[in-house]
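Data first, discussion second: the structure below is written as structure tokens.
The values are calculated or read from the model by the stated rules, or taken from the named source; none is laboratory data. Note that the structure is a prediction, hence the values are computed from the model and not measured. Cβ coordinates were reconstructed from backbone atoms using ideal geometry, including for glycine residues, and neighbour counts include every protein chain displayed. Just the protein is used for accessible areas: all its heavy atoms, side chains included, with ligands, DNA and RNA removed. Shrake-Rupley method; radii C 1.70, N 1.55, O 1.52, S 1.80 Å.
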Amino acid sequence: MRELAGIVAMFAGLWLASAEAGFRTPESLVRNVYAYYGEGAPELSKGLPRNAATARQFFDLALRKAWSTPRVEPYDFLVQSPSWKLGPVTIAVVRRQYDKTYVAANFDNRGRPVALNFVLVSGPEGWLITDVESPHDSLRMFMEQFRN
């Protein structure tokens, strides 16, 4: 009986550790990004935070430093605007290719349609963002353009 309880505790600990780092599904990662753009509590409506803890949770190693480095950008790439009032966000896996999964996020921002493709990778930390593509740009190129 004690052995069973120990095994259950071990698996629960592993599950909690993995839940803190990344996300268990590609859809949950994208859904959690847009949870920061709602009209609820003030801490959840200022956009995705630009700190190291958030970068570690959402982005792969190559994007972490770029995301948390202070910069002056003309708009928030994840909503394609300096301000937002988002309509319902639809999320769908559009392609699984080798080690990457592409997830489409579509929504209206102040009545203007926005379509982004999240490029995600799965690793020991869970699902993480390796890039986000708009019809004209990518998050990596955008951050490179406005780095200090």
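Worth a mention:
- Heavy-atom accessible area per residue - the range 71-148, 1.4 Å, Å²: 57
- Annotation: ASP60 carries an accessible surface of approximately 20 Å², with a 1.4 Å probe and no ligand, DNA or RNA atoms counted.
- Positive-end extreme of charge dipole, the range 32-102 - chosen from VAL33, SER45, TYR102 (charges on Cβ): TYR102
- For the range 43-110, the relative contact order is 22 percent, taking Cα pairs closer than 8 Å that sit 6 or more residues apart in sequence and dividing their mean separation by the residue count.
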